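In what follows, a structure is listed as structure tokens, so that the remarks can point back to it.
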Protein chains: 2
Amino acid sequence: MKKFLNDPNDFVSESLSGFAAAHSDIVELSTAPLVVRRRVAKRRGVAVVSGGGSGHEPLHVGYVGTGMLDAACPGAVFTSPTPGQIAAAVKQVARADGVVLVVKNYAGDVKCFELARDMLEVPAELVLVNDDVAMVGQQHVTDRRGVAGTVLVERIVGAAAERGLSLPECKRMGDRANQSTSTMGVALTNCSVPGAASTFEIGADEVELGVGLHGEPGQSRIKSTNAREVARLLVASIAADLKLAAGETVLLMTNGLGGTPLGELYLLHAMALAELARLGVDVRRTLVGNFATALESAGASVTIMRLDDELLSLWDSPVHTTALRW
Amino acid sequence: MKKFLNDPNDFVSESLSGFAAAHSDIVELSTAPLVVRRRVAKRRGVAVVSGGGSGHEPLHVGYVGTGMLDAACPGAVFTSPTPGQIAAAVKQVARADGVVLVVKNYAGDVKCFELARDMLEVPAELVLVNDDVAMVGQQHVTDRRGVAGTVLVERIVGAAAERGLSLPECKRMGDRANQSTSTMGVALTNCSVPGAASTFEIGADEVELGVGLHGEPGQSRIKSTNAREVARLLVASIAADLKLAAGETVLLMTNGLGGTPLGELYLLHAMALAELARLGVDVRRTLVGNFATALESAGASVTIMRLDDELLSLWDSPVHTTALRW
């Protein structure tokens, strides 16, 4: 797989140096260990820190800024950051009010964030994100992965912290955002880690349903890329998982996996909107674009968050990051 | 090539319906003919209208909004909008103060916009964008193509119009922005129009230098994807074209062609910044992301605009579109 790359070992650090240089109005980069933090630190309140393997950009570093993360620690591609790196990030931005650690539910990430928590001198709460509905019924529900819904959970926790909510309140809002959110993904092509080969191939006439954020095999394959049918399958899985009923209000995110052009994402978004309209669900807020990616995978995911007044109010509050702002 | 698609003939209209639904706070869509215009029209002053073939999203529809375009007319994929469609767009947004038509320098686009101008009842000026340095020396300079620099020209003309400048002044600023801007592109993979096959293939170990925005062959091929070397070649071509000297101030845009992940774009951006630092050029503003694309092509372009106080002041003025905002 051809990539813009020098030495694969330098991929993350070189990419982050470009990121930090491009957005020096919003972020600062520490290089040993790698931590991206806000250029202007929050004066008070709970800090919000996330992180995970690189290769999902703009997740997580693109969400550092007002109304979202205080810091993010990027690991190697598809590899958890180290406990020491996470603890260093927290030390740079957290104070006595404590910190919420937003963690995608993968064994390696959870373990490293838990080890980091034990190293901290400030109160800390973990918010685990496990929005992926793909593997429901195939594994224990506790094994659900964290995928694109992580963006929404980071936003809600970040907004709560910015508003001055206490550590238990921020934790509660994070858990509620996660419980209100489900995602289902679909891939047309796979990706490969810089310097390595692709882990599996998807046939020229096949679509991989229920794919995650790491080019791992999904739930099933179908012989179609008809966007209307794909959207129907994705929305049906999510609606069943959230037990969505007619008349409910939701946020809809149509997320690209990195290699799919914006025109196709908007088309898929239109199909998802039509499917939700058919179910009588009221879509109040939308996001369309590349928000949580799997390197160069062509593909997309649909995420739905059930909204209530509290979540909507936090969602609408000001946010100013490199990847999300209003 | 697999795509999120229903009937290929419906690709543009279905995609635009998703776009308009996702961004109903900023834009409105007319469907016969297809025109995207601001939801809240400008009260007075010169209108700015652009358009071109679809498949370059967010160009042009993503740049409709305050401080940029008043309307955009999207053609079929890689096909110019019709003169009637362009005239309809102008009629929806322009008044006695007149309109600037920003046109990428392709024969079909130029002809259709010129025919449209003859149909208008308001004063109109064309600003042709021909920022692509790839074909210099291979064809007449008047045949230079308009590529990613179009985003910068649309921004400058839009800012000038928003500030209340007259039609001749807006035209002058647009021409100056174009003359100050050069772009060079590079592709790792090609793209295909929905429903059609790819026009040419790029070998697994090859990089196509000087590629345009339509999957057309470029200037030359090299056997490398070393990002440092690619950035050096791109910046050298642009610096020669602009006759950039040490101490000059510029804007640097590292633009993705649609299929390249953000992490690679930031890495390429870091390499371009290092090359400009080596040349003693002062980079004052930056953009990194997918701003002018060629469907799912993996690849990128580097664009440099020489800045002066007037261009910088217009660049920094408020902009609120779906794809660019501050």
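Overview of results
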read-out	value
Any hit, region A:304-314, residues being facing another protein chain (nearest Cβ under 10 Å), buried (at least 17 other Cβ atoms within 10 Å of the Cβ) and of a type in the set (D, E, K, R)	no
Some residue of region B:267-279 being surrounded by fewer than 24 Cβ atoms within 10 Å (Cβ to Cβ), outside any loop (DSSP other than H, G, I, E, B) and facing chain A (nearest Cβ under 8 Å)	yes
Out of A:Leu273, A:Leu252, A:Leu262, A:Leu279, sole residue that is aliphatic (A, V, I, L, M) and under 30 Å from A:Lys2 (Cβ atoms)	A:Leu262
For A:Arg145: the one exception among (1) part of a loop (DSSP other than H, G, I, E, B); (2) farther than 30 Å from A:Thr225 by Cα	(2)
Residue pairs meeting the criteria (Cβ under 9 Å; at least 6 apart or on separate chains; first farther than 22 Å from B:Ala148 by Cα, in region B:195-212; second at pLDDT 85 or above and part of a strand (DSSP E or B))	B:Gly195/B:Leu5; B:Gly195/B:Val77; B:Ala196/B:Val77; B:Gly203/B:Arg221; B:Glu206/B:Arg221; B:Glu206/B:Ile222
Options A:Glu248, A:Glu296, A:Glu206; residue that is more than 27 Å from B:His56 (Cβ to Cβ) and either among the hydrophobic types (A, V, I, L, M, F, W, C) or within 13 Å of chain B (Cβ to nearest Cβ) (or both)	A:Glu206
All positions within region A:280-296 that are assigned to a loop (DSSP other than H, G, I, E, B) and over 16 Å from A:Cys191 (Cα atoms)	A:Gly280, A:Val281, A:Phe291
Any hit, region B:6-15, residues being buried (at least 24 other Cβ atoms within 10 Å of the Cβ), closer than 22 Å to B:Ser297 by Cβ and not polar (S, T, N, Q)	yes
Residue that is nearest to A:Val46 (Cα to Cα), among those in region A:85-124 that are among the basic types (Lys, Arg) and within 19 Å of the chain's Cα centre (by Cα)	A:Lys104
Residue, modelled with the lowest pLDDT, within region A:128-143, restricted to residues that are more than 13 Å from the chain's Cα centre (by Cα) and β-branched (Val, Ile, Thr)	A:Val141
Every residue from region A:16-40 that is under 17 Å from B:Asn226 (Cβ atoms) and open to solvent by 10 Å² or more (accessible area, probe 1.4 Å)	A:Ser17
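Yes/no per residue for (1) aliphatic (A, V, I, L, M); (2) assigned to a loop (DSSP other than H, G, I, E, B):
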{"position": "A:Pro168", "(1), (2)": "no, no"}
{"position": "A:Ala177", "(1), (2)": "yes, no"}
{"position": "A:Val193", "(1), (2)": "yes, yes"}
{"position": "A:Thr199", "(1), (2)": "no, yes"}
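The values are calculated or read from the model by the stated rules, or taken from the named source; none is laboratory data. Here the structure is a predicted model, which means the values were calculated and not measured. Note that each Cβ is placed from the backbone with ideal geometry, even for glycine, and that neighbours are counted across all protein chains shown. Quick note on the areas: whole protein, heavy atoms, side chains included, nothing else; ligands and nucleic acids left out. Shrake-Rupley method; radii C 1.70, N 1.55, O 1.52, S 1.80 Å.
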